[in-house]
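S.K.: The structure that follows is given in the form of structure tokens.
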Amino acid sequence: MEAMAEYYTILTDIGRAKLAAAQAGGDPVRLATIHAGTGGGDNYYDTYGREELEALDALVDEVWDDPINLLKVDDNNPHWVIAEGVVPASDGGWMIREVGLKDIDGDLIVIGRYPPTYKPLLTDGAAQDLKIRAISEWSNAELVEIVVDPTVVMASQSYVHEYTDQRVGELLEEEDPEKALASKAYSDTAAGQAETAAKQHTDERIDPVDRQTGTPYRVVVVDGVLCIEDMTEE
């Protein structure tokens, strides 16, 4: 018999009820925030199995929450929804054992047993941003939406490169290699400037411009994290 996974993410009873309502023609499930907690200690994993987790309407010992940074369907499994959040270097001093996702109503939709991970503080001498990822399985991922405040969402440098590489590919398909190269240069330059600012632990605004079109891209480094403020044309 295959051993049951020790770390997993599932829908709560509330989450399943809201998904059922959406499948019946109601509003989609609008995920808004990601949460992390200590679980109350190492006995969390012995105390909270699937049934106990499904019945929860809040984390056992929540220590952090923030708007969801990224929500997407897994490329290889259309039923898996990947949600990410970034715990900044300024927060920490606790062990993460549990994660959760809430909707716009503040209801706990997804709950998960997270591998024990210590999030250090700056005073620990090894503080850095920590990306939290929760993968949940839905019978219909199209009924899941994310509510985003674009002024607070943070993007990692890898996301910027991924976004730009996708855009470069689109431009190459349009047989516009010059603009593709310019976009790639933008990505490399912005990421390099962001990395420098991050090392200096400063808040810095970077305003790169597409060399071909003159379109500005507003990129902000806040507490050492690269944030995309606006990626649309003005």
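S.K.: Residues of the stretch 73-124 being of a type in the set (S, T, Y) and touching a strand residue (DSSP E or B) at 6+ places or on another chain (Cβ under 7 Å), which ones?
M.R.: Across the stretch 73-124, the qualifying residues are Y114, T117, Y118.
S.K.: Is one or more of the residues making up the stretch 20-31 among the polar types (S, T, N, Q), within 25 Å of W94 (Cα to Cα) and either touching a strand residue (DSSP E or B) at 6+ places or on another chain (Cβ under 8 Å) or part of a helix (DSSP H, G or I) (or both)?
M.R.: So far as the stretch 20-31 goes, no, none of its residues is among the polar types (S, T, N, Q), within 25 Å of W94 (Cα to Cα) and either touching a strand residue (DSSP E or B) at 6+ places or on another chain (Cβ under 8 Å) or part of a helix (DSSP H, G or I) (or both).
S.K.: Can you tell me which residue is nearest to Q128 (Cα to Cα) among those in the stretch 39-86 that are surrounded by fewer than 19 Cβ atoms within 10 Å (Cβ to Cβ), under 16 Å from the mean Cα position of the chain (by Cα) and of a type in the set (V, I, T)?
M.R.: Restricting to residues being surrounded by fewer than 19 Cβ atoms within 10 Å (Cβ to Cβ), under 16 Å from the mean Cα position of the chain (by Cα) and of a type in the set (V, I, T), the top hit is I82.
S.K.: Within the stretch 17-71, which residues are in contact with a Phe, Trp or Tyr (Cβ under 6 Å, 6 or more places away or on another chain) and among the hydrophobic types (A, V, I, L, M, F, W, C)? Walk me through it before giving the result.
M.R.: The first filter runs over the stretch 17-71 and keeps only residues in contact with a Phe, Trp or Tyr (Cβ under 6 Å, 6 or more places away or on another chain), leaving 36, 38, 63.
Residues satisfying the conditions are A36, V63.
S.K.: Mind listing whichever residues of the stretch 91-149 are of a type in the set (S, T, N, Q) and at pLDDT 90 or above?
M.R.: Within the stretch 91-149, T117 is the sole residue that qualifies.
S.K.: If you don't mind, there's one more thing I want to ask. In the stretch 92-103, how many are surrounded by 21 or more Cβ atoms within 10 Å (Cβ to Cβ) and either among the polar types (S, T, N, Q) or under 17 Å from I132 (Cβ atoms) (or both)?
M.R.: Count: 8.
S.K.: Pick out the one residue from A32, A89, A22, A36 that is crowded, with 16+ Cβ neighbours inside 10 Å, in contact with a Gly (Cβ under 7 Å, 6 or more places away or on another chain) and of a type in the set (G, A, S). Please lay out each step first, then the result.
M.R.: Details: A32 fails: in contact with a Gly (Cβ under 7 Å, 6 or more places away or on another chain); A22 fails: in contact with a Gly (Cβ under 7 Å, 6 or more places away or on another chain); A36 fails: in contact with a Gly (Cβ under 7 Å, 6 or more places away or on another chain).
Exactly one residue qualifies, and that residue is A89.
The values are calculated or read from the model by the stated rules, or taken from the named source; none is laboratory data. Just so it is clear, the structure is predicted and the values come from calculations on it, not from any experiment. Glycine gets a Cβ as well: all are built from the backbone with ideal geometry, and neighbour counts include every protein chain shown.
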